[in-house]
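Report on the structure given below.
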Amino acid sequence: MCFALFMIMLDNTVVNVALPSIQRDLHASLSSLEWTVNAYTLTFAVLLVTGGRLGDIFGRRMMFLFGVVLFGLSSAAIGFAPSDSALVGFRAVQGIGAAFMMPATLSIITQAFPAEQRGMAIGTWAGVSALALAIGPVLGGFLTQDVSWRAIFFINPPIAVVAVAVTLFAARESRDETVRRTVDIPGIAAITGGLTALVLALVEGNRWHWGSTRIVALLAVAVLGLGGFAAIERRVRVPMIDFSFFRSRTFVGANLVAFLISFAMLAMFFFMALYMQNILHYSPLGTGVRFLPATSLIIVMGPLAGRLTDRIGPRPLMTAGLVIVAGSLFLDSQITVHSGYGLLLPSFMLMGAGMGLVMSPMSAAAMNSVDRTKAGAASGVLSMSRMVGGTFGVAVMGALVSAIGRSKIDAGLPQLPSATRAAIANSLGSGGLPAGHYASAQVVATVQNAFVSALGTGLLVGTTMTLIGAALAWALVERLPVKAEQVPIAEPVASGGELAA
């Protein structure tokens, strides 16, 4: 499971550094380049719950292997992609494969280990995830510069072959034996439509403008779709999500923490990478290397926190980790145009230590709070909380940077036309600093100061969100470690010779 997770997480980060080379080689438009990332994110986030629940119904190993094969084949197809449209299409297919793999990795681990050892196992799982995040930018930069951008996708098929072989040998099949093998088609349609509209609105909100007709319509569809999903699930016999999960304070707390920690972390990594490249003028490879202290500490702290979770419980670790992450974000908020790596290094180390303390206890808390037969659905909900939280974080941070940057640009560059100032502000929100507007040193300095000032304010918002997460973790998550006898056991009810949970 760790081997396959490594492949998923590697692909989350390895692609970003290759985008300029893809643009040159395929003559891709800016929109196509954005959708090279967004198509994967969209299908991945939208189908996580579906992938997890189908694993519960038809077999977790079966759905996992389906995801691995689909991911490997689509990766090979991307490597041979003749055009930008083919690249985007196969990236969407790759996201589908990842959505079937990701929840299965956690649910299969949950089945394989008893509750009192699960923290250790999930800690190792989290450490491998961090290892892939650490290697991704460095490996992507090396392959793009010295081989080809296509090589970053050709890595995946051999990994997929080995993952299939090892899974067939090492993982036993398991499923939710308390329910029929019945697929909730209306539920899948409702949640897919609602989440697609929500994620698309978040991804495109800054570019299409938040008050535009398209964004308002997407948000309305999201509300209708997700509201319809909740109504459908209360009536079907085999629901996609068992809403009894949310009677557990620990499960609710773990998912809220997953949302908030991803909100803060992904926004920070996204915009700090832009800061290092656009303001400090580091190369993509140099930027990836400078993030290594953060990701390396996650690798170390993840397994350690997992072992401690089995002994002292997840609550103190999650709370302490979130406070440390808040401290990291506060340090980052003090950056200026002239800050060097000396200011960033301690904040990155704090981020890695804090994230390592949060991720595996959070996952263990969520999975230990539900019946093992529902592990796939629970894992899908947790993964979705993380993905949607990260997408929210980047969108909200982008909107803040754009709005705050606009006031700074208006005050500092009154000589530019209003439309030009608005275009510059909008580009700040998506991380760009358009060179075409830089007619003088004054314009360069004003735009850079606007970006850094707005980013600092956004990081303070992230600090606040993370502290809220620490309070929620302390208030909601169970204090004591879960013992074997404490794990919730489903009690099937016989009805007409059938078993229903």
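Every read-out reported here was derived from the displayed coordinates using simple, explicitly stated rules and does not represent laboratory data. What you see is a predicted model, and the numbers here were worked out from it, not measured in a lab. We place every Cβ from the backbone using ideal geometry, glycine too, and count neighbours over all the protein chains shown.
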- Cα-centred dipole magnitude for the chain, charges only on beta-carbon of K, R (+1) and D, E (-1), debye, nearest 20: 340 debye
- Task: Provide the FRET efficiency to the nearest 0.05 for the Ser407-Leu292 pair, computing r from the beta carbons and using R0 = 35 Å.
- Result: 0.45
- Taking the chain and counting helices only, DSSP H stretches of n ≥ 4 at -39,500 (n - 2.57) each over all residues, the nearest-500 ellipticity at 222 nm comes to -26500 deg cm²/dmol
- Item | Dipole moment magnitude, nearest 20 debye, the stretch 1-160 about Cα centre, only Lys, Arg, Asp, Glu C-beta charged | 280 debye
- Query: Once the piece of chain linking Arg235 and Leu460 is laid out straight, how much longer is it, given 0.36 nm per residue of separation minus the C-alpha distance between them?
  - Reply: 76.7 nm
- Task: Quickly work out the Ile468-to-Ser83 label distance, labels modelled 7 Å from Cα along the C-beta direction, and quote it in nm with one decimal.
- Result: 4.5 nm
- Along the charge dipole of the chain, which of Thr319, Leu416, Phe269 sits closest to the positive end, that is, farthest toward it, with unit charges on the beta carbon of Lys, Arg, Asp and Glu (+1, +1, -1, -1)? Thr319
- Report the one residue of Ser244, Gly389, Ala378 whose Cα lies farthest in the direction of the positive end of the charge dipole of the chain (charges on C-beta: Lys and Arg +1, Asp and Glu -1; origin at the Cα centre). Ser244
- First select every other residue whose beta carbon is under 11 angstrom from the beta carbon of Asn426; then total the charges, Lys and Arg +1, Asp and Glu -1. +3
- Item | Longest exposed-site-free window of the chain, the sites being trypsin sites (Lys or Arg not before Pro) in a DSSP loop that have at most 16 other C-beta atoms within 10 Å | 238-478
- Taking a label point 7 Å from the Cα of Arg180 along the Cα→Cβ vector, which residues of the stretch 223-238 have an amide N closer than 15 Å to it? 235-238
- the stretch 316-405: C-alpha gyration tensor shape, a/c 1.5 cut-off, then a/b vs b/c: oblate
- Message: Please compute the length gained on full extension between Leu224 and Val147, using 0.36 nm multiplied by the number of residues separating them and subtracting their Cα-Cα distance.
- Response: 23.0 nm
- Message: Checking the a/c ratio against 1.5 first, then a/b against b/c, what shape does the Cα gyration tensor give for the stretch 184-237?
- Response: prolate
- How high is the relative contact order of the stretch 184-237, given as a whole-number percent (alpha carbon pairs under 8 Å, six or more residues apart)? 51 percent
- Per-pair calculated FRET efficiency, R0 = 22 Å: Ser212 and Ser418 via Cβ, rounded to 0.05: 0.75
- Query: According to the square roots a ≥ b ≥ c of the eigenvalues of the Cα gyration tensor, what is the shape class of the stretch 141-213, taking rounded for a/c under 1.5, prolate for a/b larger than b/c otherwise, and oblate for the remainder?
  - Reply: oblate
- Query: Mind checking the dipole of the stretch 184-237: about its Cα centre, +1 per Lys or Arg Cβ, -1 per Asp or Glu Cβ, Debye to the nearest 20?
  - Reply: 80 debye
- Could you grab the relative contact order for the chain? Cα pairs under 8 Å, six or more apart, rounded to a whole percent. 22 percent
- Message: Given the options Leu260, Gly51, Ser129, identify the residue whose Cα lies farthest towards the positive end of the charge dipole of the chain (+1 on Cβ of Lys, Arg; -1 on Cβ of Asp, Glu).
- Response: Leu260
